[in-house]
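Shown next, in structure tokens, is the structure this report addresses.
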Amino acid sequence: MNKKIKSTVGLTLSALMLLGIFSVSTPASAMTCDSATLTGTVDTGTPPTRARFTYGTNYSTVQSGGGIPTTVQTFSTEGVFPIQQLITGLTEKTTYYFRLEVTNNYGTAYLNINNFTTPACPVQQPTATLTATPSTINSGEYSTLT
């Protein structure tokens with residue numbers, strides 16, 4: 001193998017090890033018509049490592065670094081850690097795009113974009129309470145319903 005190529009491969013692998021290897025384990029969990037929990041896994045590589053999700057309804061916006069950011073979570077030790085974030089205020093029957101962003105002293109890694117679609121909200125059946133005054137009447141009498 002050419003030493004120059006070997007050196008480049010080694011530097012690339014070292015940079016990945018410093019940043020860490022990241023994967024989103026499930027697209028979303030505990031989903032309702034207006035909320036979802038985004039989950040993933042962070043391999044810190046070189047602490048301190050900061051991670052957050054960004055999400056939105058437009059794929060291109062999330063891909064270009066835009067979207068709504070979640071709270072940053074900081075990992076101070078080396079290891080593999082779960083990360084999750086509850087997001088609320090979502091719209092029913094809407095597709096959302098999201099990705100995990102992980103940053104340490106060597107830069108930021110942007111993971112692949114995933115998506116989920118919120119289900120329809122349950123329909124609330126209307127209720128009514130009727131009261132008759134008086135509650136009993138004889139033939140030809142009247143009662144007021146409220």
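The values are calculated or read from the model by the stated rules, or taken from the named source; none is laboratory data. The structure displayed is predicted, hence computed values, not measured ones. Just so you know, the surface numbers come from the protein's heavy atoms only, side chains and all, with ligands and any DNA or RNA stripped out. Shrake-Rupley method; radii C 1.70, N 1.55, O 1.52, S 1.80 Å.
Pull out the extension gain between GLN124 and THR57, defined as 0.36 nm times the separation in residues minus the alpha carbon to alpha carbon distance; nm, one decimal.
My answer for the length gained is 21.5 nm.
With viscosity set to 0.692 mPa s at 37 °C, what whole-number translational diffusion coefficient in µm²/s follows for the range 55-146 from Stokes-Einstein and a Kirkwood radius over Cα pairs? Working shown, then result.
Values: Rh = 18.3 Å.
Using the Kirkwood radius from Cα pairs, D works out to 179 µm²/s.
Accessible area per residue, 1.4 Å probe, Å², for the range 66-144: what's the number? Let's see the in-between values first.
Details: 5550 Å² over 79 residues.
It amounts to 70 Å² per residue over the range 66-144.
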